[in-house]
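First up is the structure itself, then whatever we jot down about it.
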């Protein structure tokens, strides 16, 4: 997914504020569902972040066009791990792994529905 860096994404020096890289990745994860005609909020529950490891490699700046790439690392019955990388042209500026778990609407960890598991498996 391509993302333009706007002024609201930056600090006073025009550099992307650190938490906005997480926002860019969140948008890209949601967009994966939207592009497939799905919603990230499912009939029986939703996914929540459990653990994130992030590496800030280079600074992105106001006006730049970035691309977020998302790949499935592993999938289990109730959780999955994604690798998300942000590039400026061919240069990687940010990388993170995120563990997401599936919760029912009562807040209990639950098995990922089989249709969603199949969809997620295609992200490899």
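Looking only at strands (runs of 3 or more DSSP E) that lie completely in region 1-84, which have at least 3 residues being more than 29 Å from residue 107 (Cβ to Cβ) and at pLDDT 95 or above?
Details: elements: 2-4, 45-56, 65-75.
Where strands (runs of 3 or more DSSP E) fall fully within region 1-84 and carry at least 3 residues being more than 29 Å from residue 107 (Cβ to Cβ) and at pLDDT 95 or above, they are 2-4, 65-75.
Does residue 95 satisfy the criteria of being touching a residue at least 40 places away in the same chain (Cβ under 8 Å), in a strand (DSSP E or B), buried (at least 18 other Cβ atoms within 10 Å of the Cβ) and in contact with a strand residue (DSSP E or B) (Cβ under 9 Å, 6 or more places away or on another chain)? So residue 95 fits the description; yes. Taking region 9-32 as the range and being more than 11 Å from the chain's Cα centre (by Cα) and at negative phi as the test, the residues that pass are 9, 10, 11, 12, 13, 15, 16, 17, 18, 19, 20. Condition check for residue 12 on (1) free of Cβ contacts under 8 Å to residues at least 12 places away in the same chain; (2) surrounded by 13 or more Cβ atoms within 10 Å (Cβ to Cβ); (3) farther than 22 Å from residue 89 by Cα: one failure, at (2).
The values are calculated or read from the model by the stated rules, or taken from the named source; none is laboratory data. Worth saying up front: this structure is predicted, and the values here are computed from it rather than measured. So basically every Cβ, Gly included, is an ideal-geometry build from the backbone, and we count neighbours across all protein chains shown.
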